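Enquirer: One structure coming up, written as structure tokens, with questions to follow.
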Amino acid sequence: MKALTFHGKEDIQFTSLEDPSIVMPGDAIVRISACAICGSDLHVYHEREKGIEHGTAMGHEFTGEIVEIGKDVRTFRPGDKVMSPFTTSCGRCFYCKLGLSCRCLNGQLFGWIEHGKGLHGGQAEYVRVPLADSTLMKVPEGVSHEEAILLGDVLSTGFFCARQAEVKPNGVYAVVGCGPVGLMAVVAAREFGAENLFAIDVVPERMAKAREFGAIPIDASKQQPAEIIHEATEGRGADGMMEAVGSHSAVRLAFELVRPGGVVSSVGVCNDEHLAFSPVDAYNKNLTYRIGRCPARSVMEQLIPLVQRRKYNLGSIFTHRMKLEEGRQGYEIFAGKKDHCLKVLLEP
């Protein structure tokens, strides 16, 4: 099969890999219909995360059709259209039962092979999905390829971010970063009832999309976010901040804008060595700080009705659609925010 594979810093190649096969009786083989480049893929692309083996198929956002199943698979049959979260999960362990499927004791991240162990990703023609019965979901009626991909990662993560921020009607909230996850956090916050909702960024197209989804954009290159948030809250600060960038400056800004006793919810993947605020800073603000990977498989199902209602044009965040073989260029465009790129969809 053909796949986009990792070969070092900023070196993604369209190469041939051996077709995946059934390894464990709970496996399924999925023919990819569409996949996407995620912001967290850029951590690998820029080598901010170490350990992934050269030749690993990239990507963890995909949807497709089952072509083969292991003998223990009960939920699916060949021909089923399926969507997937970015990690596998068993559905039976302590963390899965807790609703924290991203920490499944038997789970693996798609697109990460290290020391010969792990899974190839979905930026390929086919992918092997272990624990298929508890990992995959059938694509519901009226859900597009784009929406299925978003359910498996970005939309779920945005929802998780807003939920962690304890968004409620009548509060004042803000999202830091209007990339795909930040925009989905805007959507989620609106669904939780937020009316006084701000979105902070510096890219005009991203702020325009945040406005379309129901937030008041703040251009941090021209405006002072603190002045605007304080004016909206009688000087207190926001009740909750949703940080979707994963950088020291973004986390620090979220900390500075939240009120005493407020919540900072951070879902951006941050590789900094230290937090952007000290323990005494958090103590002096009675801060609640929540951070971590989204348990996408645990929340996907409850978001399907939101997608089916078509209240938001969620698929519009895919600004670029390309063939899988053009994926190297797709990474360059996405990483460089070229041509007003927000998110890239790839099709084999």
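Enquirer: Go through (1) open to solvent by 70 Å² or more (accessible area, probe 1.4 Å); (2) outside any loop (DSSP other than H, G, I, E, B); (3) more than 18 Å from V258 (Cβ to Cβ) for E227 and report which single condition fails.
Expert: Failed condition: (3).
Enquirer: If you don't mind, there's one more thing I want to ask. Mind checking which residues of the range 57-88 are among the small types (G, A, S) and closer than 11 Å to A132 by Cβ?
Expert: Hits for the range 57-88 are G70, S84.
Enquirer: Of the residues V82, V23, V30, which is farther than 22 Å from H145 by Cα and touching a residue at least 12 places away in the same chain (Cβ under 8 Å)?
Expert: After applying the criteria, what remains is V23.
Enquirer: With the structure loaded, tell me whether V203 is out of contact with any Phe, Trp or Tyr (no Cβ under 9 Å at 6 or more places or on another chain), under 23 Å from N313 (Cβ atoms) and touching a residue at least 24 places away in the same chain (Cβ under 8 Å) or whether it fails that test.
Expert: yes
Enquirer: Step by step: first the residues of the range 259-286, then only those that are hydrophobic (A, V, I, L, M, F, W, C) and open to solvent by less than 30 Å² (accessible area, probe 1.4 Å), then the one that is nearest to H43 (Cα to Cα). Which residue is that?
Expert: If we take residues in the range 259-286 being hydrophobic (A, V, I, L, M, F, W, C) and open to solvent by less than 30 Å² (accessible area, probe 1.4 Å), then V267 is nearest to H43 (Cα to Cα).
Enquirer: Inspect all residues belonging to the range 313-329 and state whether any of them is open to solvent by 30 Å² or more (accessible area, probe 1.4 Å), assigned to a loop (DSSP other than H, G, I, E, B) and closer than 20 Å to V82 by Cα.
Expert: There is no residue in the range 313-329 that is open to solvent by 30 Å² or more (accessible area, probe 1.4 Å), assigned to a loop (DSSP other than H, G, I, E, B) and closer than 20 Å to V82 by Cα.
Enquirer: Hey, another quick one. Looking at the range 302-309, is at least one residue open to solvent by less than 50 Å² (accessible area, probe 1.4 Å), under 26 Å from V202 (Cβ atoms) and either without any contact (Cβ under 8 Å) to a residue 60 or more places away in the chain or under 17 Å from the mean Cα position of the chain (by Cα) (or both)?
Expert: no
Enquirer: Is it fair to say Y289 is assigned to a strand (DSSP E or B) and open to solvent by 40 Å² or more (accessible area, probe 1.4 Å)?
Expert: So Y289 fits the description; yes.
Enquirer: Tell me which residues, restricted to the range 9-58, are small (G, A, S) and either surrounded by 21 or more Cβ atoms within 10 Å (Cβ to Cβ) or under 21 Å from K343 (Cβ atoms) (or both).
Expert: Of everything in the range 9-58, those that are small (G, A, S) and either surrounded by 21 or more Cβ atoms within 10 Å (Cβ to Cβ) or under 21 Å from K343 (Cβ atoms) (or both) turn out to be G26, A28, S33, A34, A36, G39, S40, A57.
The values are calculated or read from the model by the stated rules, or taken from the named source; none is laboratory data. Since this is a predicted model, take the numbers as computed values, not measurements. In this analysis, Cβ positions are derived from the backbone assuming ideal geometry, glycine residues included, and neighbour counts consider all displayed protein chains. The accessibility values were calculated without ligands, DNA or RNA, using every heavy atom of the protein model including side chains. Shrake-Rupley method; radii C 1.70, N 1.55, O 1.52, S 1.80 Å.
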